[in-house]
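Below is one structure, written out as structure tokens; the observations come after it.
Any read-out appearing in this document is the output of simple, stated calculations on the displayed coordinates, not a laboratory observation. On a predicted model such as this, the values are computed, not experimentally measured, just so you know. FYI the Cβ positions are ideal-geometry reconstructions off the backbone, even for glycines, and counts take in every protein chain you see.
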Amino acid sequence: MEEKKKVIFSGIQPSGQLTLGNYLGAIKNWVKLQEEYDCYFCVVDLHAITVKQEPKDLRTRTLEVMSIYMAAGIDPEKNTIFIQSHVPAHSEAAWLLNCYSYMGELGRMTQYKDKSQKYGESIASGLFNYPVLMAADILLYQTDLVPVGSDQKQHLELARDLAQRFNNLYSETFVVPDPYISKTGAKIMDLQDPTKKMSKSDDNPNSFILIMDPPEVIRKKVSRAVTDSIGAVKYTDEQPGVKNLMTILSTITGESFEEIEKKYEGQGYAQFKKDVAEAIVAELEPIQIKVKELVANKAYLESIYKAGAEKANYIANKTLRKMQKKIGFIPVSK
Ligand code: TYM
């Protein structure tokens, strides 16, 4: 008998244009994992509205993110690609799980703490509850593995805690998911301030590289990336800028840090930066061409997200019914 494949779930918010961090920390790993697992790749539009979104931009970006998944190599025939809001069970399960999560544990989430500093009193309560929605996403599919960047680790811990709490309170309902965080690329840093994570919501465009940045822009941004005055290509915490560029290069080309150090020994940063930029361009340019083709083909995209929603709804509703039954809700008679 064929063994049942383990399940992967992951998603990206269409809340801004995707960065090289999203690509190296998440999508590139998904592509590697798709053969071995039963994968659900979601465009998490419900998460995106935790901060203000222009409706027109949200629509455009949702389809663009979906196109990036496919252009990067996610095969829609083998994987389930779908849009979160097409599966109402996510919102429903999130409400249920909200009633089993504690204010204390949500208040400790570093992403919430960072954002609440920025927004103060007028922070949306959706931002506070956001990790519960993420837990619902994951648990509805009986997910075994969640490939994410290291910034999502704490949210994943919450998903595990909620799964265990619910299982203990009632009976076995959810698979307890494990994170999959790759050794390189799990945290790509800001090019202008390499002590913080590269983020699509940063105000300074020189601090990030977008997946859709034209080659010339990529070259300029890498040449402007902050390094140091030491002048040696070395993988060390004392040189966070250089370390980050080495991480980017290594994650793309597969070269080890030792190999990279050796290659640029005694050379300063000029050639190194040029090579980093060219490696990024070579990786992203073919993806960009495919994304442009895909976003122009609305009918094809619709056929993918429709089929994805159908499969995702079926699986997610099965888990949701199970939750409702265990909680004590009366099932609607047929
Ligand atoms: P989001 O949209 O912020 O980021 C999407 C993915 O990209 C990774 N990532 C990075 N990896 C390396 N370096 C970076 N600088 C970098 N920036 C972002 C993130 O770790 C993530 O894997 N809450 C999630 C979306 C989500 C989700 C889920 C993920 C919602 N439901 C269920 C997995 C499973 C988020 O905001 O990711």
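Side notes on the structure shown:
- Test: residue in the range 5-19 that is farther than 30 Å from G254 by Cβ, part of a helix (DSSP H, G or I) and in contact (Cβ under 8 Å) with a residue 12 or more places away in the chain: no
- Residues located in the range 308-334, provided they are part of a helix (DSSP H, G or I) and without any contact (Cβ under 8 Å) to a residue 40 or more places away in the chain: E310, Y314, K318, R321, K325
- Looking at Q164, Q154, just one residue is polar (S, T, N, Q) and within 14 Å of the ligand (Cβ to nearest atom), and that residue is Q154.
- Selection within the range 201-250 - within 18 Å of K262 (Cα to Cα), over 23 Å from the mean Cα position of the chain (by Cα) and surrounded by 21 or more Cβ atoms within 10 Å (Cβ to Cβ): V233, V242
- Selection within the range 59-74 - assigned to a helix (DSSP H, G or I) and either free of Cβ contacts under 8 Å to residues at least 12 places away in the same chain or over 14 Å from the mean Cα position of the chain (by Cα) (or both): R59, T60, R61, L63, E64, S67, M70, A71
- The set of residues in the range 25-54 that are farther than 29 Å from A124 by Cβ and within 11 Å of the ligand (Cβ to nearest atom) comprises K28, N29.
- Hits in the range 32-57 - residues which are hydrophobic (A, V, I, L, M, F, W, C), over 22 Å from P76 (Cα atoms) and crowded, with 19+ Cβ neighbours inside 10 Å: A48
- Flag: M109 does not match the condition of being crowded, with 18+ Cβ neighbours inside 10 Å, more than 13 Å from the ligand (Cβ to nearest atom) and either within 25 Å of E157 (Cβ to Cβ) or not β-branched (V, I, T) (or both).
- Filtered residue count, the range 200-213, keeping only those that are touching a helix residue (DSSP H, G or I) at 6+ places or on another chain (Cβ under 7 Å) and either without any contact (Cβ under 8 Å) to a residue 24 or more places away in the chain or among the polar types (S, T, N, Q) (or both): 1
- Summed over the range 136-151, residues that are near the ligand (Cβ under 8 Å from one of its atoms), buried (at least 19 other Cβ atoms within 10 Å of the Cβ) and more than 14 Å from F41 (Cα to Cα) total 1.
- The residues on offer are A279, A296, and the sole one that is closer than 23 Å to T19 by Cα and touching a Leu at 6+ places or on another chain (Cβ under 9 Å) is A279.
- Against the criterion of being under 30 Å from V226 (Cβ atoms), buried (at least 18 other Cβ atoms within 10 Å of the Cβ), in contact (Cβ under 8 Å) with a residue 40 or more places away in the chain and under 25 Å from the mean Cα position of the chain (by Cα), I287 qualifies.
- Cβ-Cβ distances below 9 Å connect the following pairs, each with a first residue in the range 141-162 that is in contact (Cβ under 8 Å) with a residue 24 or more places away in the chain and of a type in the set (D, E, K, R), a second residue that is within 10 Å of the ligand (Cβ to nearest atom) and assigned to a helix (DSSP H, G or I), and a separation of six or more residues or different chains: D151/G21; D151/G25; D151/Q111; D161/A135.
- Boolean, A136 is within 25 Å of A312 (Cα to Cα) and not hydroxyl-bearing (S, T, Y): yes
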